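This report concerns only the one structure given below.
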């Protein structure tokens, strides 16, 4: 595995291997066992979209693995002043051992991989969020023991999170249901693939989607870059919320996940969030361990 551009590129076996490595690295970190598998390696972290969890988890992850990480905002790079991405890729390939990029267009991530000759890791694009969903799958497996046959339900905007959750869920044998308002559904090609390769439903009926769910997911109604639409989206997404009614139709031991930051009383009630806070912050912590596993797989290590 040279790159992590999107989960669709990975086999079920590769996803499972990443989760297994993540479990092992988490165990070692908890028990003070050093795992400097990337000693002497340097990761460049390009941020055209800011983030709390992505920056801190990758930076700490490289430190844990014995390497180092460089934070590079668009203000720090010529790419932010019009340098073609192919030139940036070829230059950085001569300095770094790998690049993690958090940006807008999926094409920018793909072009870095096409023109560079070092591993590229997608920290988020408007199309997908593979690192987050690997952490999500890791957390479900920790709490539920397995993934295959479990039902995942996502409620909210059919955004990059939804696209990756669908792919990650189907590839690991989960049943996937999505509830979105009309006109805000996930990527059409991903939904077509999901329907052909697993148990998948997309509906605008929230309670129908959540029925007998083992795990519920949601995300903010207006993602980064959509701030100008926030008020309009509040009207459109009113009711697309994880609340007591949704919990009631799910499995009695349902778990709740949120990629954060959370807007309480919008996509999730404060009551539900706090009742499931341990699961949600396990999910946030697992960003560190899952991404370390990706770094090991891409940059070389165990």
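Residue 114 is checked against (1) closer than 20 Å to residue 170 by Cα; (2) without any contact (Cβ under 8 Å) to a residue 60 or more places away in the chain; (3) surrounded by fewer than 19 Cβ atoms within 10 Å (Cβ to Cβ) and fails just one. What number does that condition carry?
Every condition holds for residue 114 apart from (1).
Considering each residue of region 111-125, count those that are in contact with a helix residue (DSSP H, G or I) (Cβ under 7 Å, 6 or more places away or on another chain) and either outside any loop (DSSP other than H, G, I, E, B) or not assigned by TED's automatic domain parsing to the domain that holds residue 48 (or both), and give that number.
Summing the residues that are in contact with a helix residue (DSSP H, G or I) (Cβ under 7 Å, 6 or more places away or on another chain) and either outside any loop (DSSP other than H, G, I, E, B) or not assigned by TED's automatic domain parsing to the domain that holds residue 48 (or both) in region 111-125 gives 8.
So which of 278, 253 is under 22 Å from the mean Cα position of the chain (by Cα) and not assigned by TED's automatic domain parsing to the domain that holds residue 61?
Selected residue: 278, the only one of 278, 253 that is under 22 Å from the mean Cα position of the chain (by Cα) and not assigned by TED's automatic domain parsing to the domain that holds residue 61.
Determine whether region 30-52 contains at least one residue that is assigned to a helix (DSSP H, G or I), modelled with pLDDT of 95 or more and crowded, with 16+ Cβ neighbours inside 10 Å.
No, the conditions are met nowhere in region 30-52.
Considering only residues that are in contact with a helix residue (DSSP H, G or I) (Cβ under 9 Å, 6 or more places away or on another chain), more than 27 Å from residue 122 (Cα to Cα) and in a helix (DSSP H, G or I), which ones fall in region 249-302?
Within region 249-302, 249, 271, 272, 273, 275 qualify.
The values are calculated or read from the model by the stated rules, or taken from the named source; none is laboratory data. This one's a predicted model, so the numbers in the text were calculated from it and none came from an experiment. Positions of Cβ are generated from backbone atoms using ideal geometry, with glycine treated the same way; all protein chains shown enter the neighbour counts.
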